[in-house]
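Participant: Take this structure, written in structure tokens, and hold onto it; I'll ask about it next.
The values are calculated or read from the model by the stated rules, or taken from the named source; none is laboratory data. Everything numeric in this text was worked out from a predicted model, so none of it was measured. Cβ: placed from backbone, ideal geometry, glycine included. Neighbour counts: every protein chain shown. All accessible areas refer to the heavy atoms of the entire protein, side chains included, with ligands and DNA or RNA removed. Shrake-Rupley method; radii C 1.70, N 1.55, O 1.52, S 1.80 Å.
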Amino acid sequence: MLTVQCVPVLSDNYAWLIHDDASGETVALDPGEAAPMLRAAEERGWRITAIWNTHWHPDHVAGNAELKAATGAPVTGPAAEAAKIDTLDHGLREGDRVSIGAHEAIVLETPGHTAGHIVFHFADDALIFTGDTLFAMGCGRLFEGTPAQMWGNMQRLAALPPGTQVFCGHEYTQSNGRFALVAEPDNAAIRDRMTEVARLRAAGEPTVPFTLQEERATNPFLRAASADRFKELRAAKDSFRV
């Protein structure tokens, strides 16, 4: 079994340590800062052996250089964004596979938030690391892609096994849920989920990970019936204020 540790960084980012007991290997995924990652690994007696990035944005890669210098771990990330990740050692494309010990992840290209965004799907472990593509009850802003691309991503992720646990890059769940309630005011599953989200946040707990089954029931973007409907929702969310 893989052990996944949430590491809060910056203001609302989640970076992740993925550890395999059998091999002793540990991946630092999307390190927006190095120090919290190094501290969290040290507290657990883990040695960071690899650094993986989902996309080039600084809040996901700014810790690469310091982590690399401290651990010697190579940086692996989207080949399409090599020009924007100056620490990149290994580029990945659709269908490539990366491993931690005996656990293998397949790379899915999910352009939209950035042009070369990728996600890491551990099918046998029922885990997926979605960066800024899929959030709890939300999705990433379209900085470099189109609504049609992101809707395609949503459809692709929705087709994965419902019990798959999703590890995303930000704690956006409460704000996403408030919009979801407006987008689908009659959806009781969203109301119920928001009650649990409020409890977790009041206790200082993360709302991530979550399952694709939850998203199928409560995420308007994942549930959008067409690219046009997705486009309407994304435009509404971009201007949504509570």
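Participant: Counting only residues that are closer than 29 Å to ALA235 by Cα and of a type outside the set (Lys, Arg), give me the strands (runs of 3 or more DSSP E) lying completely in segment 1-116 with at least 1 of them. Walk me through it before giving the result.
Facilitator: Values: elements: 2-9, 13-20, 25-29, 47-52, 75-78, 90-92, 97-100, 103-109.
Filter on segment 1-116 gives 2-9, 13-20, 75-78, 103-109.
Participant: For segment 14-27, indicate whether the set of residues that are open to solvent by 60 Å² or more (accessible area, probe 1.4 Å), free of Cβ contacts under 8 Å to residues at least 40 places away in the same chain and small (Gly, Ala, Ser) is non-empty.
Facilitator: Taking every residue of segment 14-27 in turn, none turns out to be open to solvent by 60 Å² or more (accessible area, probe 1.4 Å), free of Cβ contacts under 8 Å to residues at least 40 places away in the same chain and small (Gly, Ala, Ser).
Participant: Another one. Just to check your reading of the model, which residue among ARG234, ARG199 is over 16 Å from CYS168 (Cβ atoms), open to solvent by 80 Å² or more (accessible area, probe 1.4 Å), basic (Lys, Arg) and assigned to a helix (DSSP H, G or I)? Don't jump to the end; show me each part of the working.
Facilitator: Details: ARG234 fails: open to solvent by 80 Å² or more (accessible area, probe 1.4 Å).
Within the list ARG234, ARG199, the selection yields ARG199.
Participant: Kindly establish whether GLU66 is within 19 Å of GLN5 (Cα to Cα) and surrounded by fewer than 17 Cβ atoms within 10 Å (Cβ to Cβ). First the steps, then the outcome.
Facilitator: On the way: within 19 Å of GLN5 (Cα to Cα): no; surrounded by fewer than 17 Cβ atoms within 10 Å (Cβ to Cβ): yes.
No.
Participant: OK, next. Quick test of your reading of the structure: ARG141 fulfils all but one of (1) assigned to a helix (DSSP H, G or I); (2) open to solvent by 50 Å² or more (accessible area, probe 1.4 Å); (3) closer than 29 Å to VAL107 by Cα. Name the failing condition by number.
Facilitator: With (1) assigned to a helix (DSSP H, G or I); (2) open to solvent by 50 Å² or more (accessible area, probe 1.4 Å); (3) closer than 29 Å to VAL107 by Cα applied to ARG141, the lone miss is (1).
Participant: Among the candidates ASP59, ASP89, ASP96, single out the residue that is open to solvent by 10 Å² or more (accessible area, probe 1.4 Å), under 15 Å from the mean Cα position of the chain (by Cα), on the phi < 0 side of the Ramachandran plot and not β-branched (Val, Ile, Thr).
Facilitator: ASP59
Participant: Which one is nearest to TRP16 (Cα to Cα) among residues in segment 202-231 that are open to solvent by less than 80 Å² (accessible area, probe 1.4 Å) and either hydroxyl-bearing (Ser, Thr, Tyr) or free of Cβ contacts under 8 Å to residues at least 12 places away in the same chain (or both)?
Facilitator: To start, the set of residues in segment 202-231 that are open to solvent by less than 80 Å² (accessible area, probe 1.4 Å) comprises 203-204, 206-212, 214-215, 217-222, 224, 226-227, 230.
Remaining after also requiring either hydroxyl-bearing (Ser, Thr, Tyr) or free of Cβ contacts under 8 Å to residues at least 12 places away in the same chain (or both): 203-204, 207, 211, 218, 226.
On the way: ALA203: 21, GLY204: 18, THR207: 14, THR211: 17, THR218: 24, SER226: 32 Å.
By that ranking, first place goes to THR207.
Participant: What are the pairs, 6+ residues apart or on separate chains, where a residue within segment 115-127 that is in contact (Cβ under 8 Å) with a residue 60 or more places away in the chain has its Cβ under 7 Å from a residue that is open to solvent by 10 Å² or more (accessible area, probe 1.4 Å) and small (Gly, Ala, Ser)?
Facilitator: GLY116/ALA80
Participant: Out of (1) touching a Pro at 6+ places or on another chain (Cβ under 8 Å); (2) assigned to a helix (DSSP H, G or I); (3) open to solvent by less than 10 Å² (accessible area, probe 1.4 Å), the odd one out for GLN149 is which?
Facilitator: (3)
Every residue, every condition in (1) closer than 19 Å to LEU142 by Cα; (2) modelled with pLDDT under 95; (3) within 16 Å of the chain's Cα centre (by Cα); (4) not polar (S, T, N, Q), yes or no:
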| site | (1), (2), (3), (4) |
| --- | --- |
| ARG156 | yes, no, yes, yes |
| ALA159 | no, no, no, yes |
| GLU171 | yes, no, yes, yes |
| ARG191 | no, no, no, yes |
| ALA203 | no, no, no, yes |
| THR211 | no, no, yes, no |
| GLU215 | no, no, yes, yes |
| ARG241 | yes, yes, no, yes |
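Participant: Hey, another quick one. Could you tell me which of the residues GLU215, GLU171 is under 22 Å from ALA15 (Cα atoms) and in contact with a Leu (Cβ under 8 Å, 6 or more places away or on another chain)? Please lay out each step first, then the result.
Facilitator: Numbers: GLU171 fails: in contact with a Leu (Cβ under 8 Å, 6 or more places away or on another chain).
Selected residue: GLU215, the only one of GLU215, GLU171 that is under 22 Å from ALA15 (Cα atoms) and in contact with a Leu (Cβ under 8 Å, 6 or more places away or on another chain).
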